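**Student:** Submitted below is the structure of interest, expressed as structure tokens.
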Amino acid sequence: MDFKLEIAKKISGMVDMELEKIIDLIEIPPQSNMGDYAFPCFQLARVMRKSPNMIAKELSEKIDKDLIVDKAEAAGGYLNFFINKSEYTKYIINDVLEKGSAYGRQIGNEDKTVLVEFSSPNIAKPFHVGHMFNTVIGSSIEKVFRHLGYKTERLNHIGDYGTQFGKLISAYKRWGNEEAIDKDPINELLKIYVKFHEEAEKDEELEKEGRMYFKHLEKNNPDSVAIWQKFKDLSLREFKKLYNLLNIEFDSYAGESFYSDKMPEIIDMLYAKNLLVDSEGAKIVDLSEFNLPPCLVIKSDGATIYVTRDLAAALYRKRAYDFYKNVYVVGGTQTLHFKQVFGTLKLMGFEWADDCEHVGTALIKFADKKLSTRKGDVIFAKEVIDEAIVKTTEIIENKNPNLKNKELVAKQIGIGAIIYTFLKNSRERDVVFSWEESLSFEGESGPYVQYGYVRGNSILNKAGTINENADLSVLNTEDEFNLVKLLGSFKDALKESAERYEPFVITRYVTDLAKAYNKFYNTHHILNAEEKVKDARLLLTKAVCNVFKISLGILGMETPESM
């Protein structure tokens, strides 16, 4: 029984408004003394030609007490519902325990495919914390949609095409050390890439040489292709080490080069629709209809750019996956680029362009350092992960030196602390990374929420056998009901997270759950309570641990068995 739905049905029977609209309008009041659900009557005022206050009062008088609602009260323009706490508690806890890891899943999304493109580092360049930020956010967004029952595809649109690879081929031919590159590929390739730009500032001919090698690559010159493939293989080998640390997998590594042979069709389509306009030798698409600057598709030297490849990629994805949503988790600095891509697709007659979404991400600020591959001043993701594990190991040695599986737990907590910090706030808000805050076991941090799970799991392990038929009606304290309401609101958190493409909604949710469970744990006896109460509180704890595990899993965080 979905209490929110049942309340919506009661309202629907009294007013002229669609059920789905009513469900969307129902809110959770900020304070428990204001009720458990609230329906704002303001949108009914114009239709019913009465004030919202009067509408709320009249509706409240028509609602009788039953198994769903204890009472309904008017409060200003709101109709507040106080639900039957005992029935709600039984329903929610049983629902969580029956559905297990599938709790929160929605029926009806199975045939809808959501593509999520994320991570997308450039080959032969270091995987820095900015890449990791994007990777963690994209992975969590994909997991939200997957948990909601959608069919998802995780796409890693590797940056493996463009003039920069012509420059790298030139640098490799001039200064490449085969043995050093095989031993430490990313650092060595970065070193010669930086050297190329330093030397190009002294000799302009180097830039021409770089462009020449890229043209060789475009024309499938065997020597250039072989060198480029080496860069790609070595880079993916290193990237996958990081993805394994983060427990992230991809369904496709099709990068920009994959679409190089698919660009001619796009260009032909643009010509056929008279959309390509000459501009000083280059070819552009006029996007003034969308109040956007023109979109450059072909450069004056005839070379294509990543816009061309993104157009080809979008068309390929629609044909290959027939997507419901095509989501690009890419830095916010690329907002204009994606508006131009989607606008061009619209002009080409593809209405599904409206199903393409750019989900912008902000920046990571770490000790006031800036990330610049060209100058070689980067903060490597691997270094940050390693440091997190080292610092966590030190904390464990001080707080719990006899802990079993210290290495595994340090990894789970250290990486979890980074992920939590990245997902703590809106993806559009810059992150200022602080080790002290990230690794704190107090307040809003990864270790804090993980410890909430560990506490509950420890109680369950000590209890041993749990009475699955416990009388849940004895759970009648305010702290217990607050926990139950949080469990019940998980579905709303999932839905909001998906609608906004915001993982931090889940982070906020699991933090609230940790706070509520810790308060309950510190205030009420569980194992030492009277038998009936103990059994019921153990079932509540089991339900809470289940939702902890689901929520942290969606964020990409592991749940340690002990800390």
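**Student:** Please state which one of THR511, THR559 is assigned to a helix (DSSP H, G or I), touching a residue at least 60 places away in the same chain (Cβ under 8 Å), touching a helix residue (DSSP H, G or I) at 6+ places or on another chain (Cβ under 9 Å) and of a type outside the set (Gly, Ala, Ser).
**Tutor:** Working: THR559 fails: assigned to a helix (DSSP H, G or I).
That would be THR511, the only listed residue that is assigned to a helix (DSSP H, G or I), touching a residue at least 60 places away in the same chain (Cβ under 8 Å), touching a helix residue (DSSP H, G or I) at 6+ places or on another chain (Cβ under 9 Å) and of a type outside the set (Gly, Ala, Ser).
**Student:** Residue by residue through the stretch 141-158, note down the ones that are in contact with a Ser or Thr (Cβ under 6 Å, 6 or more places away or on another chain) and surrounded by fewer than 22 Cβ atoms within 10 Å (Cβ to Cβ). Full working, then the answer.
**Tutor:** Within the stretch 141-158, the first condition is being in contact with a Ser or Thr (Cβ under 6 Å, 6 or more places away or on another chain), and the residues that meet it are 142, 144-146, 151, 155-157.
Hits for the stretch 141-158 are ARG146, LYS151.
**Student:** State whether one or more residues within the stretch 176-191 are without any contact (Cβ under 8 Å) to a residue 24 or more places away in the chain, in contact with a helix residue (DSSP H, G or I) (Cβ under 9 Å, 6 or more places away or on another chain), over 21 Å from GLY556 (Cα atoms) and in a helix (DSSP H, G or I).
**Tutor:** Yes; the residues of the stretch 176-191 include at least one that is without any contact (Cβ under 8 Å) to a residue 24 or more places away in the chain, in contact with a helix residue (DSSP H, G or I) (Cβ under 9 Å, 6 or more places away or on another chain), over 21 Å from GLY556 (Cα atoms) and in a helix (DSSP H, G or I).
**Student:** Residues that are closer than 30 Å to LYS215 by Cα: list the strands (runs of 3 or more DSSP E) wholly contained in the stretch 293-365 that include at least 3 such residues. Outline the logic, then answer.
**Tutor:** On the way: elements: 295-298, 325-331, 356-361.
The qualifying strands (runs of 3 or more DSSP E) are 295-298, 325-331.
**Student:** Which residue is surrounded by the most Cβ atoms within 10 Å (Cβ to Cβ), if the candidates are limited to the stretch 107-140 and must be small (Gly, Ala, Ser) and farther than 21 Å from ASP355 by Cα?
**Tutor:** Initial filter on the stretch 107-140 (small (Gly, Ala, Ser)): 108, 119-120, 124, 130, 138-140.
The next check asks that each one be farther than 21 Å from ASP355 by Cα; those that pass are 124, 130.
Numbers: ALA124: 29, GLY130: 19.
Within the stretch 107-140, the match that is surrounded by the most Cβ atoms within 10 Å (Cβ to Cβ) is ALA124.
**Student:** Okay, moving on. Only residues that are touching a Ser or Thr at 6+ places or on another chain (Cβ under 9 Å) and part of a loop (DSSP other than H, G, I, E, B): list them for the stretch 406-437, please.
**Tutor:** Of everything in the stretch 406-437, those that are touching a Ser or Thr at 6+ places or on another chain (Cβ under 9 Å) and part of a loop (DSSP other than H, G, I, E, B) turn out to be LYS424, ASN425, ARG427, GLU428, PHE433, SER434.
One line per residue, one yes/no per condition, for (1) modelled with pLDDT under 95; (2) in contact with a strand residue (DSSP E or B) (Cβ under 8 Å, 6 or more places away or on another chain); (3) assigned to a loop (DSSP other than H, G, I, E, B):
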{"residue": "ARG46", "(1), (2), (3)": "yes, no, no"}
{"residue": "LYS57", "(1), (2), (3)": "no, yes, no"}
{"residue": "ASP66", "(1), (2), (3)": "yes, no, yes"}
{"residue": "ASN94", "(1), (2), (3)": "no, no, no"}
{"residue": "GLN106", "(1), (2), (3)": "yes, no, yes"}
{"residue": "ASP111", "(1), (2), (3)": "no, yes, yes"}
{"residue": "HIS131", "(1), (2), (3)": "yes, no, no"}
{"residue": "THR135", "(1), (2), (3)": "no, no, no"}
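**Student:** Return the total of residues in the stretch 130-186 being closer than 28 Å to THR113 by Cβ and either touching a Gly at 6+ places or on another chain (Cβ under 7 Å) or not hydrophobic (A, V, I, L, M, F, W, C) (or both). Before the answer, list the steps.
**Tutor:** First, the residues of the stretch 130-186 that are closer than 28 Å to THR113 by Cβ: 131-161.
From what is left, the residues that are either touching a Gly at 6+ places or on another chain (Cβ under 7 Å) or not hydrophobic (A, V, I, L, M, F, W, C) (or both) are 131, 134-136, 138-140, 142-143, 146-147, 149-154, 156-161.
So the answer is 23.
The values are calculated or read from the model by the stated rules, or taken from the named source; none is laboratory data. All values reported here derive from a predicted model rather than from experimental measurement. All Cβ positions, glycine included, derive from the backbone under ideal geometry; neighbour counts span all protein chains shown.
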